[in-house]
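Values in this text are rule-based calculations from the coordinates and carry no lab data. Just so we're clear, the structure is a prediction, and the values are computed from it rather than from any experiment. Quick reminder, even Gly has a Cβ in these numbers, built from the backbone with ideal geometry, and neighbours come from all protein chains shown.
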Amino acid sequence: MAVLVCVTGAGGFIGSWIVKLLLARGYAVRGTSRRADDPKNAHLWALDGAAERLTMVRVDLLDRDTLRAAFHGCDGVIHTASPMHDTPEEIIEPVITGTRNVVEVAADAGVRRVVLSSSIGTMYMNPHRDPDAPLNDSSWSDLEFCKRTKNWYCYAKTIAEQGAWELARARGLDLAVVIPVVTLGELLQPSMNTSTLHILKYLTGGARTYVNESQAYVHVRDAAEAHIRVLLAPNAGGRRYVCAERTLHRGELCRILAGLFPEYPIPTRCKDEVNPPKKGYKFTNQPLKDLGMKFTPVHEYLHEAVRSLQDKGFIRKPSDTKVLPSRSAPPQNSIVPMFMSKL
Ligand SMILES: NC(=O)c1ccc[n+]([C@@H]2O[C@H](COP(=O)([O-])OP(=O)(O)OC[C@H]3O[C@@H](n4cnc5c(N)ncnc54)[C@H](OP(=O)(O)O)[C@@H]3O)[C@@H](O)[C@H]2O)c1
């Protein structure tokens, strides 16, 4: 019988890719959603292996009974379900209490390992951080700073992840955490997601200029692959894995997009023409490379993201898009000054 893995938020941007890759590896997947029969999850049934090895169940992260039913008999749990916005009344409970419930119930159920999707927002948002030191396992966002700046997503995710570690230690649960940065690439789900909105505004004319910020990016398939490798590698538990390919200044991101898709009204000017380009934080993705990860170069996932937006009708389809450069030839000048602003 196939080994069973539960994926919370299975129909989401990263969750859908995790389900796809698990099914492709022969695993049985129990996906969760707040509404298991929601038409927005219908795309999951079209995945190879879904008919034989996918089940979907309704889970309310605040209702432990629903989590108990979802985790029963599972070898692993990958917890991706989370709101992604800065409305405190709507985010704090599902993220903080929801994550605590996932860890408690997984420990009760004897799950072998839980992999939590955290966020780079739990690491870099700290005014006392040394900008020249790469983020590491002990880098945490400053909660007071998050509150003061109303970064409620980072605030909630930081408390949730810290709580998960504390609880996992107390319960003897094997926990590992994947820390994605801005994730882009092909959308499997029919609806728009938060991180894809990040580039949509540059394609629609919604942004006339770009901001003076730098952020780290990663391919959605690589983010999913990272969760699976971290779940499966015998010694991968007990640490935080930054899942990032590279950092780009927003100007460089726009230049790559414009090089691939010159038909769109992609901004060419920075909103801030006075200050030097802001740098991003430093990070290392070596721990994931040590698990065999190879990170897809940015021009590929930007290309796939835009194609996907065209295919799903979020943007018009120009007739003459450029051919994607070969994978081995990343665009020139793509290593840019680094700085991370909020997601
Ligand atoms: N995408 C990124 O750039 C990025 C970067 C860093 C970290 N992350 C983290 O990665 C995980 C997945 O992100 P994603 O981009 O795949 O997000 P997504 O597309 O929005 O999917 C997340 C899923 O979570 C569920 N969800 C949303 N609000 C919820 C709530 N209030 N209570 C319970 N479930 C809720 C939804 O499933 P149902 O509606 O079916 O219940 C949704 O499909 C999240 O934990 C996110 O914080 C993402």
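The angle separating the long axis of helix 194-203 from the principal Cα axis of greatest extent in the chain is about 20 degrees.
Derived value for segment 1-60: Kirkwood hydrodynamic radius 11.0 Å. Basis is the mean of 1/r over every pair of different alpha-carbon atoms.
Measuring r between the beta carbons of Ala2 and Thr149 and using R0 = 35 Å, the FRET efficiency lands at 0.15.
Between the C-alpha center of segment 112-190 and that of segment 10-25 there is a gap of 21 Å.
Ranking Pro262, Pro94, Gly76 by how far each Cα lies toward the positive end of the dipole of the chain (charges on Cβ) leaves Pro262 at the top. Separation of the alpha carbons by more than 22 angstrom is noted, of Lys147/Lys289; Lys20/Lys312; Lys40/Lys312; Lys157/Lys271; Lys271/Lys312; Lys201/Lys282, for Lys147/Lys289; Lys157/Lys271; Lys271/Lys312; Lys201/Lys282.
The length gained by stretching the chain between Asp272 and Thr87 to full extension, at 0.36 nm per residue less their Cα-Cα distance, is 63.8 nm. Average projection, convex hull of the Cα set of segment 14-151: 10.0 square nanometres. Legend: Rg and Dmax of segment 224-265, from Cα coordinates, 16.9, 48 Å. In segment 1-106, what percentage of the DSSP-assigned beta bridges are antiparallel, given to the nearest 5? The answer is about 0 percent antiparallel. Our compactness index for the chain, the C-alpha radius of gyration over the empirical 2.2 N^0.38 Å, is 0.97.
Of interest is the spacing of the C-alpha centroids, which for segment 272-316 and segment 210-244 amounts to 12 Å. Note on segment 182-236: percent of Cα-Cα distances in each 5 Å bin, starting at 0 and stopping at the bin with the largest distance, equals 4, 15, 20, 21, 16, 11, 6, 4, 2, 1. Taking amide H atoms as placed 1.01 Å from N in the peptide plane, the amide H of Gly31 lies under 5 Å from those of Val7, Thr55, Met56, Val57, each 5 or more residues away in sequence or on another chain.
Put simply, the amide H of Gly237, placed in the peptide plane, has no neighbours under 5 Å, leaving out anything fewer than 5 places away on its chain. The DSSP beta bridges internal to the chain are antiparallel in roughly 10% of cases. All distinct Cα pairs of segment 67-220 go into the 1/r average, and the inverse of that average, the Kirkwood radius, is 17.0 Å.
By the gyration tensor of its Cα atoms, with a ≥ b ≥ c the square roots of the eigenvalues, what is the shape of segment 192-307: rounded for a/c under 1.5, prolate for a/b over b/c, or oblate? The shape class here is prolate. Between Glu263 and Arg58, the distance separating the two model label sites (each 7 Å from Cα on the Cα→Cβ line) works out to 4.3 nm. The Cβ shell under 12 Å around Met192 holds other residues with a net charge of +3, Lys and Arg each +1, Asp and Glu each -1.
Dipole of segment 67-198 computed with +1 at Lys/Arg Cβ and -1 at Asp/Glu Cβ about the Cα centre; of Ser139, Val105, Tyr153, farthest Cα towards the positive end is Val105. Here the Karplus curve 6.51 cos²θ - 1.76 cosθ + 1.60, taken at θ = phi - 60°, turns the phi angles of segment 28-40 into couplings of 8, 10, 10, x, 10, 7, 5, 9, 4, 9, 4, x, 6 Hz, with x standing for Gly and Pro.
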